[in-house]
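The values are calculated or read from the model by the stated rules, or taken from the named source; none is laboratory data. Note that the structure is a prediction, hence the values are computed from the model and not measured. Neighbour counts are summed over all protein chains in view; Cβ atoms, including those assigned to glycine, are modelled from backbone coordinates with ideal geometry.
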Amino acid sequence: MRDLVLLGSTGSIGTQAIDIVRRNPDRFRVVALGAGGGNVGLLAEQALELGVEVVGVARASVVQDLQLAFYAEAQRRGYATGGFRIPRIVAGPEAMAELARVPCDVVLNGVVGSLGLAPTLAALESGRVLALANKESLVAGGPLVHKVAKPGQIVPVDSEHSALAQCLRGGSAAEVTKLILTASGGAFRGRRREELAGVTVEEALKHPTWDMGPVVTINTATMVNKGLEVIEAHELFGVAYDDIEVMVHPQSVLHSMVEFADGSTLAQASPPDMRLPIALALAWPDRVPGAAAAVNWREAHNWELRPLDDEAFPAVRLAKEAGRQGRCRPAIYNAANEECVAAFVAGRLPFLGIVDTLERVLGAAPEFAEPGTVEEVLAAEAWARAQAQRMISTVAEGA
């Protein structure tokens, strides 16, 4: 039995993790839940179903709403007045980090954005196994994470990095020559740059394979998400950027591959279902039977792989350059992109302007030092957001 702390429990990763727990009560027990606070009804439902000891919300202003949601959920379940115990509530900006220190075996960090860095560090410093779905922890705070992480303490949840971790079991680190991350290609795969000039937000949000939030879906359309994953792969596995490639694979069945020194390439294949990498991360290094459906080997399959078009989608190239330079450049890449995506959704920036502005922000970045504290990472991100906003305003005024 493994005790779990689930951060980001009301999001996509969190709800799928709870589904795995629900189907494997003999293997997992949830002792704490954390969420941003935007869906207190679901959080209360999860907490009472799982019988957790403590619940956290990042927004202190919703504590009263959460308490009322507990009472409403208890009434819905038919509990008598006073017949249930409300979990202890922690709230505010430090709530997720506090939850990451709760005694447990595994902390699943499904928090969105750079807010996930502090709980990542707290979990690692407390000696927990960290099932990491928050890529910003490594993108923005890689140097900080490496200072406190012990070998094998971080288990990736992203499907691509989970695939790489599985394939890496097939050889020693010295035998690895290349990591190959696959990419669905997003809504605009196969299009040339000139065909992307007038695409709309609605078109960018039509991902052909995965059901994700709007920011990640647009990041997939621009390939920024794959750029972030390249940085994450470098930080997780220590492979040089020159030895990390991206291949477009529309079917999203081959989740990533590892090439070895003898010319062999191992791939991990499964239908697109995040419950498989989530379950593996929670049980690592063991597998959870029936976590997700397997490939149907009684059917014919056509799996396509093609090189990434760097001219139409330069985001991966920019990510590699930022990663090589270090000194907060990856954090700047991530933060500036978030501002550009928000401007695109608001109609203030064209689709191509997202990565074009991102490149300009990176080109204007001062010589930050390699970050030694969370505050230094946040300062670089604040600079990136302000610089991106200034550049976006210039584009909007000239439109």
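Hey, could you check region 210-250 for residues that are at pLDDT below 95 and part of a loop (DSSP other than H, G, I, E, B) and say which is nearest to Cys167 (Cα to Cα)?
Pro250
Quick test for you: out of Ala322, Ala279, Ala343, Ala300, pick the one residue that is of a type in the set (A, V, I, L, M, F, W, C), over 19 Å from the mean Cα position of the chain (by Cα) and surrounded by 15 or more Cβ atoms within 10 Å (Cβ to Cβ).
Sole residue among the options that is of a type in the set (A, V, I, L, M, F, W, C), over 19 Å from the mean Cα position of the chain (by Cα) and surrounded by 15 or more Cβ atoms within 10 Å (Cβ to Cβ): Ala343.
Any chance you could count how many residues in region 255-274 are within 11 Å of Cys167 (Cα to Cα), surrounded by 17 or more Cβ atoms within 10 Å (Cβ to Cβ) and of a type in the set (A, V, I, L, M, F, W, C)?
Residues in region 255-274 being within 11 Å of Cys167 (Cα to Cα), surrounded by 17 or more Cβ atoms within 10 Å (Cβ to Cβ) and of a type in the set (A, V, I, L, M, F, W, C): 5 in total.
Tell me, please, whether a residue that is at pLDDT 95 or above, assigned by TED's automatic domain parsing to the domain that holds Leu228, touching a Cys at 6+ places or on another chain (Cβ under 7 Å) and not in a strand (DSSP E or B) can be found in region 289-300.
No, every residue in region 289-300 fails to be at pLDDT 95 or above, assigned by TED's automatic domain parsing to the domain that holds Leu228, touching a Cys at 6+ places or on another chain (Cβ under 7 Å) and not in a strand (DSSP E or B).
Can you pull out every residue in region 13-36 that is β-branched (Val, Ile, Thr) and either part of a helix (DSSP H, G or I) or out of contact with any Cys (no Cβ under 8 Å at 6 or more places or on another chain) (or both)?
Those that are β-branched (Val, Ile, Thr) and either part of a helix (DSSP H, G or I) or out of contact with any Cys (no Cβ under 8 Å at 6 or more places or on another chain) (or both): Ile13, Thr15, Ile18, Ile20, Val21, Val30.
Which of the helices (runs of 4 or more DSSP H) contained wholly in region 321-399 include at least 2 residues that are among the aromatic types (Phe, Trp, Tyr), in the same structural domain as Val239 (by TED's automatic domain parsing) and within 18 Å of Glu136 (Cα to Cα)?
Answer list for region 321-399: none.
Would you be able to say whether some residue in region 76-91 is part of a helix (DSSP H, G or I), crowded, with 16+ Cβ neighbours inside 10 Å and in contact with a helix residue (DSSP H, G or I) (Cβ under 6 Å, 6 or more places away or on another chain)?
Checked against the condition, which is being part of a helix (DSSP H, G or I), crowded, with 16+ Cβ neighbours inside 10 Å and in contact with a helix residue (DSSP H, G or I) (Cβ under 6 Å, 6 or more places away or on another chain), region 76-91 yields no hits at all.
Suppose the filter is closer than 30 Å to Ala369 by Cα, among the charged types (D, E, K, R) and assigned to a loop (DSSP other than H, G, I, E, B); does Asp286 pass it?
No: the conditions fail for Asp286.
When region 2-12 is examined, which residues are found to be assigned to a loop (DSSP other than H, G, I, E, B) and modelled with pLDDT under 95?
Gly11
Of the conditions (1) in a loop (DSSP other than H, G, I, E, B); (2) among the β-branched types (Val, Ile, Thr); (3) crowded, with 20+ Cβ neighbours inside 10 Å, Thr120 fails just one. Which one is it?
(1)
If the Cβ limit is 7 Å and pairs must be 6+ apart or interchain, which residue in region 169-195 that is within 14 Å of Thr220 (Cα to Cα) pairs with which residue that is charged (D, E, K, R) and in a helix (DSSP H, G or I)?
Close Cβ pairs satisfying both conditions: Leu181/Glu160; Leu181/Lys226; Leu181/Glu229; Thr182/Glu160; Ala183/Lys226; Ala187/Glu203.
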